[in-house]
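**Student:** Quick one: the structure is below, questions incoming.
Bear in mind that the values in this text are calculations on the coordinates, not laboratory data. Note that this is a predicted model, so its numbers are computed, not measured.
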Amino acid sequence: MLFAGSFPLRSYCLRDVSMIILLNAPLKAAMAFRQSIAYLPSLLSLGYFLVGLLAVVPQDGFITMPGQLEFVRFDDTDTLRTLLSTLIAGMISLMVFSFSMVMSVLSQAGGQFSHKLVFGLVTERHHQWVLGNYLGTILFILMLLMVPENGDTPGTWRSLAAYLGTAMVIHCLALFVYFIHKTSRTVQVNSVVAGLHLATSHSLAKLKLRQQSSRFTRVPALNSASVSGSQALHKIRSSRTGHIQSVDFAKLTELAATIDGVIHLNFSPGDFTLADFPLFYVDAPTEPDRDWADQALAQLSYGEGEAIEGIHVHGLTQLMEVAVKSLSPGINDPGTARLCINQLTDLLRLRMDFAPCNAMLDDQEQLRVSWPAESFENLLYRVLTPILHYGRDDVTIGLSLLKAVKSLSLYASDADRQLLQVYADRIIATLADAADHPLDRDFISARLNSGEHHLTLPDRLIYR
């Protein structure tokens, strides 16, 4: 039990945290909207709507048009409406054709690479930019058609608005050419793999930057079996199902300080969890109340799919999945698999530069939050083993994996080098099983010790 004198302080802290959470809710909603596919189209459509509103308001008494512009006026209203009707019909057809092509391209990308990449291709900024201009142009022309013009002949202001609508359509035609160019590049193997590599590199850089903070540290990993079986820890269960994309560790640290406890996360960011799953184990003098538990759960951000931003493991596994998909009999593209192996080698090298933190301290340097961190051993197994399994009959894939392991050994610590040695031995054993012909064995043997490495490898492939 807490002392009576400490209860008001705890209540005050909880009310303060509740107020912060309440104020942060609109900010989180705005950030979620900014990451959605509707963000740019909504802003662009709003801009076009304001321009259209300015075009249809009566200008008499507000704007005086110079007489030199009289030549731009249309002779009759029917000509103006016919032009606008043609423009909007053409825009609708252009929009339907453009995004039918997008669906075809995304279907091809899902079949050739990985279905996880489809949503990322849809939400790319250039797709949203083109969609927003298409929708905005249609909205602008539709407003000109819906609001009638006073008099038998259109005024100079309305005629200028019609010419502006024509310019918007010409602009959309230019965007259509740009759209075809970008879409065709989107599904190219080099572009897809390079995009995954770049996004994962940024995620690793952010994680490495976080390591520099004195509040983040690394503690010995807790045994999950002992944690879950302990009677001294209080469980907080999840209220929903989904992928946990991010965790506000700073707010969880503040919450843990209010009860003078430690929060042990039973998941890693990016994991898929079920409803009523024990997410937190709280080491505190007393069991937290329902209000505190709700505030702790509010610090979790759920999302759809496996986002790479902030979670480098997903980027590595998606590259692995692209490699495995390319090795399937239906695609049979080992060149793509080798390209993915090269990118994975560079990312694993970046990952070996540091050990990810798994705990956060408060201002008094007291441990407040801990969570599981993916070890290099687990990451290496998740990334290399599937490629080795599905490419075990292809000598070039085995040699590419062996080259990757040899390259990584140049940057590895003693512990990681021992792990890489085990993987090198396994790769060589797989190559020995696949090499039935003496020509294959000679080809492999000549490349076992080639290049720079810090591993112990045989000079010749032993026939098994």
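**Student:** Of the listed pairs K208/K325; K206/K403; K325/K406; K182/K403; K208/K403, which have alpha-carbon separations greater than 32 Å here?
**Tutor:** In this structure, K182/K403 lie more than 32 Å apart at Cα.
**Student:** In whole angstrom, note down how far apart the Cα centers of region 401-448 and region 338-374 are.
**Tutor:** Measuring centre to centre over Cα atoms gives 26 Å.
**Student:** Could you work out the Kirkwood radius for region 385-464, taking every pair of different alpha carbons, averaging 1/r and inverting it, reported in Å?
**Tutor:** It is 12.6 Å.
**Student:** Can you pull the Rg over Rh of region 290-377, Cα-only, Kirkwood?
**Tutor:** 1.14
**Student:** Additional query: Just to be sure I follow: if Rg is taken over the C-alpha atoms of region 213-385 and Rh is the Kirkwood radius over the same atoms, what is Rg/Rh?
**Tutor:** Dividing the radius of gyration by the Kirkwood radius yields 1.04.
**Student:** Rg and Dmax of region 329-445 over Cα atoms: what are they, in angstrom?
**Tutor:** 17.9, 67
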